[in-house]
1. Considering only the stretch 133-154, state which residues are more than 16 Å from ligand 2 (Cβ to nearest atom) and among the charged types (D, E, K, R).
2. List every residue pair whose Cβ atoms sit under 9 Å apart, with the two residues 6 or more apart in sequence or on different chains, where the first one lies in the stretch 125-143 and is over 11 Å from Ile105 (Cα atoms) and the second, anywhere, is among the small types (Gly, Ala, Ser) and in a helix (DSSP H, G or I).
3. Any residue in the stretch 285-293 that is surrounded by 22 or more Cβ atoms within 10 Å (Cβ to Cβ), in a helix (DSSP H, G or I) and not aromatic (Phe, Trp, Tyr)?
4. Which one of the conditions (1) away from ligand 2 (no atom under 16 Å from the Cβ); (2) among the acidic types (Asp, Glu); (3) under 34 Å from the mean Cα position of the chain (by Cα) does Glu124 fail to meet, given that it meets all the rest?
5. Quickly run through the stretch 21-35 and pick out the residues that are in a helix (DSSP H, G or I), away from ligand 1 (no atom under 16 Å from the Cβ) and either within 16 Å of Ser101 (Cα to Cα) or touching a residue at least 60 places away in the same chain (Cβ under 8 Å) (or both).
6. Which of the residues belonging to the stretch 178-208 are outside any helix (DSSP H, G or I), more than 16 Å from ligand 1 (Cβ to nearest atom) and closer than 22 Å to Gly244 by Cβ?
7. Inspect the stretch 220-230 for any residue being away from ligand 1 (no atom under 15 Å from the Cβ) and either hydroxyl-bearing (Ser, Thr, Tyr) or outside the structural domain of Thr18 (by TED's automatic domain parsing) (or both) and give the result as yes or no.
8. Of the residues in the stretch 447-463, how many are at pLDDT 90 or above, surrounded by fewer than 17 Cβ atoms within 10 Å (Cβ to Cβ) and out of contact with any Asp or Glu (no Cβ under 7 Å at 6 or more places or on another chain)?
Amino acid sequence: MKKKGKKAKEKIIVFDTTLRDGEQAPGASLTSEQKLEIAYQLEKLGVDVIEAGFPIASPDDFKAVDLISRKIKKSSICGLARCLTKDIEAASESLKRAKHSRIHIFLATSKIHLKYKFKKAEDEILNLAKKATKFARNLCPDVEFSPEDATRSQKDFLYRVVETVIKEGARTINIPDTVGYSYPQEVHSLITDIRNNVPNINKATIAIHCHDDLGMAVANSLSAVLAGARQVHCTINGIGERAGNASLEEIVMALNTRKDAFKNLKMGIETKEIARTSRLVSSLTGFIIPPNKAIVGKNAFAHESGIHQDAILKKRSTYEIMNPKDVGIDKSQIVLGKHSGRHALAKRLEKVGFKFSKERIAIIFKQFKVLADKKKEIFDDDLIALAEEQTKPKVKIYDLISTKAITETGVEPYAEVKIKHKGRIRKAESTGDGPVDACYKAIDKITGVKTKLLNYKLDAITIGKDAQGRVKVEIIAKGKIVSGRGSSTDILESSVKAYLDALNRVG
Ligand code: KIV
Ligand code: ZN
């Protein structure tokens with residue numbers, strides 16, 4: 001019996017248009033130098049084609065395509081042009097230093113564009129497409145043609161245009177969902193119909209270009225791949241006109257992660273460069289990445305829920321379908337917050353250097369939950385402060401019950417402190433130079449211990465408005481110099497805790 005040969009993998013060409021369609025996003029404009037910096041990173045990422053700009057659009061766009069063409073050697077550099085001689089000449093001129101170059105020409109084919117944008121009949125459009133392709137092909141061997149608004153075009157007319165431009169030498173036929181109107185099954189049918197109805201379609205590669213107006217750009221692109229498209233247009237972080245374009249990182253990781261569904265395909269992308277590329281584009285365009293953005297958002301590999309954290313610590317794949325390292329993110333993040341559990345807390349305490357018994361962890365866990373209700377996120381330094389509390393003397397002579405301070409401009413600050421001492425709740429009040437001084441004087445009235453404050457230092461443990469304050473004090477009492485520490489989200493409370501901690505150490 002003859003052994004069945006393994007089918008060779010088909011390549012998905014990644015066409016990145018961050019520097020052209022992505023840069024068309026309102027507010028995203030980049031200088032030529034910034035574009036070059038991104039182009040270097042795209043080359044490292046392994047994109048096959050970099051659409052570097054629309055050279056006729058402005059002298060800056062021309063300059064950027066020219067600069068990128070001179071410097072980038074591995075990826076092919078592409079310039080966009082309308083079906084106009086001056087556009088194609090500008091594209092060709094800007095690309096002339098490129099090692100590999102491509103001219104991308106486009107012309108709308110939908111009825112609505114023909115009627116309102118061009119006021120032209122179908123035959124005129126067909127003729128323009130034919131002439132432009134021929135002209136571009138004479139200047140560059142690699143020509144891509146896009147029938148703009150293809151997904152809203154009459155299919156028969158679309159087939160005629162596609163057949164014509166392939167006859168004139170277009171190597172790639174890109175099908176744009178220009179206004180992000182389609183849904184996945186529809187895109188699948190359109191690509192299938194093009195493959196079945198354009199007689200010379202096998203002479204060209206079919207590409208897909210989707211916009212995200214209805215949030216379906218990536219799903220539509222993947223659907224096109226399933227129907228036989230072998231080039232995807234995409235942008236880093238999905239930036240682009242209006243709601244943006246299909247995001248490169250999402251398409252690439254979907255194809256990589258779901259090899260069971262997208263069989264026998266390969267790409268030249270170095271996925272470990274994804275996070276770096278995403279950060280670079282975000283910082284140069286000023287477009288912040290939403291925390292919940294797939295693949296590259298700050299929360300994409302972060303877990304706060306106790307159930308998820310516990311499972312992740314046992315086996316990462318319980319709640320993660322990708323390895324963060326594969327996209328260049330160091331590791332999954334266990335975020336400690338109010339939904340976190342004991343397991344994650346104990347692990348993190350160990351990481352910051354505290355190994356406690358189960359009983360101690362139970363006590364810290366209670367304090368942790370109280371703190372987590374006050375703070376959005378608990379950082380390592382917050383944990384250290386909690387853990388340090390555990391290392392204080394076990395038997396507290398003086399234990400804080402509550403503090404109250406009143407300050408008003410022009411009036412001497414007033415404080416009231418309640419302390420538990422030898423099983424009794426004792427209360428005192430005082431005025432002082434400030435609310436902390438008033439509290440300390442009230443405490444002195446309760447303890448009857450003569451003290452002198454040598455040092456007082458307040459630090460914010462972490463960042464943010466909800467950060468904890470940590471106070472360190474040094475006092476002289478009963479002939480001893482002792483120090484004390486206290487932390488809380490309330491500065492007054494941390495000050496009082498630190499003072500009492502010192503007094504407890506005096507004994
Ligand atoms: O969205 C679109 O149709 C385009 C074309 C220029 C391909 O960006
Ligand atoms: Zn577009």
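1. Lys134, Arg137, Asp142
2. Listed pairs, sorted by first residue: Leu139/Ala91; Leu139/Ser92; Cys140/Ala91; Cys140/Ser92.
3. Looking for residues that are surrounded by 22 or more Cβ atoms within 10 Å (Cβ to Cβ), in a helix (DSSP H, G or I) and not aromatic (Phe, Trp, Tyr), one finds none in the stretch 285-293, hence no.
4. (3)
5. Answer for the stretch 21-35, where residues must be in a helix (DSSP H, G or I), away from ligand 1 (no atom under 16 Å from the Cβ) and either within 16 Å of Ser101 (Cα to Cα) or touching a residue at least 60 places away in the same chain (Cβ under 8 Å) (or both): just Gln34.
6. The answer is Tyr183, and nothing else.
7. yes
8. 8
The values are calculated or read from the model by the stated rules, or taken from the named source; none is laboratory data. Just so it is clear, the model here is predicted, and its values are computed rather than measured. Quick reminder, even Gly has a Cβ in these numbers, built from the backbone with ideal geometry, and neighbours come from all protein chains shown.
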